[in-house]
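Down below is the structure, laid out as structure tokens.
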Amino acid sequence: MTSLSDSSADAKVIHLPAQQGPTIWFNKGMYTFKATKETTNGALTFAEGSILPGDGPPPHYHEEMDEAFFVLQGELEFLSGDETFMCGQEGFVFVPRGIRHRFYNPGIHPARLLFMLLPGGLDEFLIDVGREPEAGEIPPPFTPEQRQRIEEISPNYGLVVG
């Protein structure tokens, strides 16, 4: 018989105060990771994103990850297959693995969202491609070389761009 106290020795509670966690710039967005593949033994990736107007990832799908979004502030346009819809503050979106999607900020103010991927691992891709934020600076857009690198390494993370 197993009790709650018999859990894995590797399992631990994760607690991060507000505005804590590894933070990166990915294109013109900023992402702070609250839980990563490493810290959850592969269970999930959980992050907060700040998405500037005119920004968002390109259309893509995850071969082996489900993704969920919760909009904290602003409004984002989501792509689902070939159709788009708007999702505003406190709206929720779930995208099963294999479904082509993206989010985009068409507004004039930054939007904020929480997102989670199950199982974890996308954090490794974003950290690998992203850049260290610089205090007092706005994230610059990706260069053509960075976009090419994304296309080259995406398959290593079960990510299909396009």
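We did not get these values from a lab; they are worked out from the coordinates using the rules stated. Keep in mind that this is a model prediction, so the values were computed, not measured. Glycine gets a Cβ as well: all are built from the backbone with ideal geometry, and neighbour counts include every protein chain shown.
A few comments on the model shown:
- Cα-projected label distance for residue 148 with residue 18, points at 7 Å along beta-carbon direction, nm: 4.4 nm
- Paramagnetic reach from residue 11 (point 7 Å along Cα→Cβ, amide N under 19 Å) across the range 21-64: 35-46
- For residue 72, distant residues with modelled amide H under 5 Å away: 90, 112, 113, 114
- For the chain, a Gaussian network of Cα nodes joined below 10 Å ranks 94, 33, 85 by mean-square fluctuation, and the top entry is 85.
- When the chain is treated as a Gaussian network with alpha carbon springs shorter than 10 Å, the biggest mean-square fluctuation among 90, 137, 67 belongs to 137.
- With contacts taken as Cα pairs under 8 Å and at least 6 residues apart, the chain reaches a relative contact order of 28 percent.
- Length added when fully stretched, residue 38-residue 138, from 0.36 nm per residue minus Cα-Cα: 33.1 nm
- Residues whose amide H comes within less than 5 Å of that of residue 107, counting only those at least five positions distant or on another chain, are 54 (H built at 1.01 Å from N in the peptide plane).
- Least to most buried among 14, 108, 150 (fewest other Cβ within 10 Å first): 108, 14, 150
- Dipole size of the chain about its Cα centre, with +1 on Lys/Arg Cβ and -1 on Asp/Glu Cβ: approximately 160 debye, rounded to the nearest 20.
- For the range 1-147, fraction of C-alpha pairs farther apart than 25 Å, in %: 30 percent
- Taking 102, 149 and counting other C-beta atoms within 10 Å, the order from fewest to most: 149, 102
- Taking amide H as placed 1.01 Å from N in the peptide plane, the amide H of residue 65 sits under 5 Å from that of 98, each at least 5 places away or on another chain.
- Calculated [θ] (222 nm, deg cm²/dmol) that DSSP helices of n ≥ 4 give over the chain, each run adding -39,500 (n - 2.57): -3000 deg cm²/dmol
- In terms of its C-alpha gyration tensor, the range 75-162 comes out oblate, because a/c is 1.5 or above while a/b does not outweigh b/c.
- Taking 37, 28, 12 as the candidate residues, the one with maximal mean-square fluctuation in a Gaussian network model of the chain, Cα springs under 10 Å, is 12.
- You can think of it this way: the chain between residue 89 and residue 75 has 4.4 nm of extra reach, that is 0.36 nm per residue less the Cα-Cα gap.
- Table column - 3J(HN,Hα) (Hz), the range 78-91, Karplus curve with 6.51, -1.76, 1.60, x for Gly and Pro: 10, 9, 10, x, 10, 10, 10, 8, 9, 10, x, 3, 6, x
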